[in-house]
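Read the structure below first, then the notes.
Only the coordinates and a few stated rules stand behind these numbers; no lab work does. The shown structure was predicted, so the numbers you read here are calculated from the model rather than taken from an experiment. Cβ: placed from backbone, ideal geometry, glycine included. Neighbour counts: every protein chain shown.
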Amino acid sequence: MKKFLVLILLAAGAYFAYDYIMKEKPVLEIKADKTITTQHSTDTDAPALVPARFGSVRGTATNVSDNLVKNIVLYYKLNGKPVHARIDQLSPGETKPFSTETIRLTHVEVTFFLEDMEYE
């Protein structure tokens, strides 16, 4: 029984050592949502057209680390098309808004996800 208790204590110690020393700490906290706009034709003599829909990803990025983070690039997929946003730098604890470029949407269901992020 004593050996089993020592084994459990060693396993718990190894887990906490991994969690505090080896595990990579988060640097950025990203909160984003899609923004959809619709453009209607205003020409009364023109035939009825389907309104054009455009979308982008907007949100905020927060630096949750203790270091200055520079040259942040967030790569998103919006309806399967790549879009990106850039932030020049974030000080520790600072929050800045971001927005990707606007693209024309071809699908009714609009999906987006964060594909990748780069920073220095």
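Descriptive notes on the structure:
- Assigned charges on the beta-carbon of Lys, Arg, Asp, Glu; the chain dipole about Cα centre (debye): 500 debye
- Contact order for segment 41-120, expressed relative to its length and based on alpha carbon pairs under 8 Å spaced 6+ residues apart, stands at 38 percent.
- Neighbour counts of C-beta atoms inside 10 Å place E118, E24 in the sequence E24, E118, starting with the fewest.
- Helix-only mean residue ellipticity at 222 nm for the chain, each DSSP H run of n ≥ 4 adding -39500 (n - 2.57), per residue, nearest 500: -4500 deg cm²/dmol
- Close Lys-Lys pairs in the chain, where close means Cα under 24 Å and separation is 8 or more or interchain: 13
- Considering only T106, N63, P82, and ranking their Cα positions along the charge dipole of the chain that arises from unit charges at the beta-carbon of Lys, Arg, Asp and Glu, the one farthest toward the positive end is N63.
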